[in-house]
Amino acid sequence: MSKIIVDGTEVDVPPEYTLLQACEAAGAEIPRFCFHERLSIAGNCRMCLVEVKGGPPKPQASCAMSVRDLRPGPNGEPPVVLTNSPMVTKARHGVMEFLLINHPLDCPICDQGGECDLQDQAMAYGVDSSRFKENKRAVEDKYLGALVKTSMNRCIQCTRCVRFMTEVAGVPELGAIGRGEDMEITSYLERALTSELQGNVIDLCPVGALTSKPYEFKARPWELAKTESVDVMDALGSAIRIDSRGREVMRILPRVNDAINEEWISDKTRYNVDGLKVQRLDRPYIRKGGKLVPASWPEAFAAIAAKAKATTPQRIGAIAGDLASVEEMFALKALMDKLGVANIDCRQDGSKLDPKFGRASYLFNSTIAGIEQADAIMIIGSNPRLEAPVLNARIRRRWARGDCLIGVVGERADLTYSYNYLGAGPDSLAQLLDHPPADKTKPMFILGAGAFARPDGAAVLALAAKAALSLGVVKDGWNGFNVLHSAASRVGGLDLGFTPGEGGLDAPGMAKAGALDLIFNLGADEIQIEPGAFVVYIGTHGDRGAHRADVILPGAAYPEKTGIYVNTEGRPQFGDRATFPPGQAREDWAILRALSDALGARLPFDSLTQLRATVNAAHPHLARLDEITPADAGALANLASLGGALDKAPFVSPIEDFYLTNPIARASKVMAECSAMAKARALKAAE
């Protein structure tokens, strides 16, 4: 640690700290435009100037100078830094005046108005007039695709967007052309951006040069109610903020959570908002004469009860979808238990993960932040760029730091970092046992659904567990056996034991023609239920599940209900309600509670508080929000001993189209446009 005096306050800071970080550690506020904690240092806005005693007789850019670069006083006194001296104040006035020479007076019509760094810092550190009367520079707006709108007259060339796309997203599609006054930020040949994380440049832009195209001129920040919640577009559980006005969700922004998403979110998370408003189910429906017709809640419940009485528990089943919260899955499981039903499953993709193999067999055991410690990463049957783009960015950051061996068994995909391709299927995974890589202290396996959501998934899991144990991926003090889920509800369902009971059918088995008479479908839209069964669909959109349903009970989407979601590393997180569901739609747990009366199997809770108390009593670890309960790695030895016949078919990622993976995304016009552009790029690349 090094001692430094900032505005008369002495602090101890690491020598690698920049002066900007050291000043903030001392409680001083340093303005900045180009500096960002998660990007490399550019030092080109000069707004963060400070005065260093004993240094050069001019202000210093605090972002570009380290504490270790400072010289002590003549008698060994700690270095002195001033952040509000007359020299600094005059320098900041000059920098702000310089920045505003060419900046247009767009504040009344700029979407960044009210949350603009330039506005705030001009008020705090600028002056009330300008000495320049020349015409302002004009820059042509650039086309960046369907998501990011450009107003390049406002750009101050901080290069945050360029550094983000290059360093974090790993898709270097933004850069600077020209020099001096002619410098412009642009994409190469003005093509649309292709990264799944491109929307983050909107948050990074300190002015209104890059804004959200779908959100253009929709609302002002002071009009919006802000609700903290959790993303359900993948299994990462990114921290998000839902901004709503009245009953409408206007936009979704990231929140800082260093343990999971840092401060990034994927484009699907950010831009699925319009999908919450269209194709919504807002009243119950019953199929009559081959057509779905509106009905009342009592009529819908009566039709379900009549069908349940006409069959036996052995001919009834329940499937939970990918966006379900812990509470509603627990309520559905409790209802099925009361009815004596063993045919329940939360794995609509047919994966072979099972709680009987131990909790360590289906968690991201090293934690997401643990990627930073890994020195070897083996990706098996997964395409993390599509299945969890934010996690893929963290893998890229670990790769960029160096001394990390990355291998892939599965698809040969563009993951934004280089890797050693070891093969396509189980045979290549088996060869690892015979040809282990060089000794590494903290190796890591990342298994995707492409490995375990197939008929031989259990055998692949056993082989992966065996390889992990033999290669030191699992050892004392380190468990690098990681499962990367793509469904937000999957870990929660497995924790609840929402899997087939004794003699019960799994989801693909229930979906077969004639397998069951009655199926309760809790938002499972990714599975095709064949004719024969009477399907009760509890969901939000007129998607695949609703098209197959005989009775539709309208539920609530994730911004319209409070719920607990367990992410891929086993961390329970709380998602708060931002708005209310449309029309007669209700929260899913409340629908199941009312339905239980009609079925003569009354559930023992009448409020969400009582339901959560029941859940917490049965599964105490789910009450410890934002905490990971470590799983026993010893269970992996039992999994490794299972063996089984392996298929030679290559591993294939379950996500074919990143933008259309769930009912909300498929209802979104913005996501449909992004999907069409991605397909067009793929076709052009294949030519």
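Table for the structure above
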{"read-out": "Helices (runs of 4 or more DSSP H) lying entirely in region 444-521 (those with 2 or more residues that are within 24 Å of Ala640 (Cβ to Cβ))", "value": "449-452, 457-470, 490-496"}
{"read-out": "Leu332 part of a helix (DSSP H, G or I), open to solvent by less than 50 Å² (accessible area, probe 1.4 Å) and under 21 Å from Tyr558 (Cβ atoms)", "value": "yes"}
{"read-out": "Some residue of region 602-611 being surrounded by 24 or more Cβ atoms within 10 Å (Cβ to Cβ) and either on the phi < 0 side of the Ramachandran plot or in contact with a Ser or Thr (Cβ under 6 Å, 6 or more places away or on another chain) (or both)", "value": "no"}
{"read-out": "Candidate set from region 474-487 (those that are small (Gly, Ala, Ser) and open to solvent by 10 Å² or more (accessible area, probe 1.4 Å)); member that is modelled with the lowest pLDDT", "value": "Gly477"}
{"read-out": "Qualifying residues in region 496-522 (those that are more than 10 Å from Cys346 (Cβ to Cβ) and open to solvent by less than 20 Å² (accessible area, probe 1.4 Å)) - the one nearest to the chain's Cα centre (by Cα)", "value": "Asn521"}
{"read-out": "Scope region 171-210; condition open to solvent by 20 Å² or more (accessible area, probe 1.4 Å) and hydroxyl-bearing (Ser, Thr, Tyr); matching residues", "value": "Tyr188, Thr194"}
{"read-out": "Residues of region 63-80 classified as modelled with pLDDT under 85 and of a type outside the set (Lys, Arg), total", "value": "6"}
{"read-out": "For Lys213: the one exception among (1) over 20 Å from Gly563 (Cβ atoms); (2) open to solvent by less than 10 Å² (accessible area, probe 1.4 Å)", "value": "(2)"}
{"read-out": "Test for Arg255: is it of a type in the set (Lys, Arg), touching a Ser or Thr at 6+ places or on another chain (Cβ under 6 Å) and surrounded by fewer than 19 Cβ atoms within 10 Å (Cβ to Cβ)", "value": "no"}
{"read-out": "Count of residues meeting criterion [surrounded by fewer than 20 Cβ atoms within 10 Å (Cβ to Cβ) and without any contact (Cβ under 8 Å) to a residue 60 or more places away in the chain] in region 365-397", "value": "1"}
{"read-out": "Selection from region 123-163 of residues that are closer than 16 Å to Cys107 by Cα, open to solvent by 50 Å² or more (accessible area, probe 1.4 Å) and among the hydrophobic types (A, V, I, L, M, F, W, C)", "value": "Met123"}
{"read-out": "Qualifying residues in region 31-51 (those that are crowded, with 20+ Cβ neighbours inside 10 Å and aliphatic (A, V, I, L, M)) - the one farthest from Ser85 (Cα to Cα)", "value": "Met47"}
{"read-out": "Subset of region 621-636 [loosely packed, with under 14 Cβ neighbours inside 10 Å, farther than 20 Å from Ala259 by Cβ and either at pLDDT 95 or above or hydrophobic (A, V, I, L, M, F, W, C) (or both)]", "value": "none"}
{"read-out": "Residues being over 11 Å from Val168 (Cα atoms), of a type in the set (D, E, K, R) and assigned to a helix (DSSP H, G or I) - total across region 373-402", "value": "3"}
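The values are calculated or read from the model by the stated rules, or taken from the named source; none is laboratory data. What you see is a predicted model; the values in this text were computed from it and never measured. So basically every Cβ, Gly included, is an ideal-geometry build from the backbone, and we count neighbours across all protein chains shown. Ligands, DNA and RNA are excluded from the accessible area calculation, which covers all protein heavy atoms including side chains. Shrake-Rupley method; radii C 1.70, N 1.55, O 1.52, S 1.80 Å.
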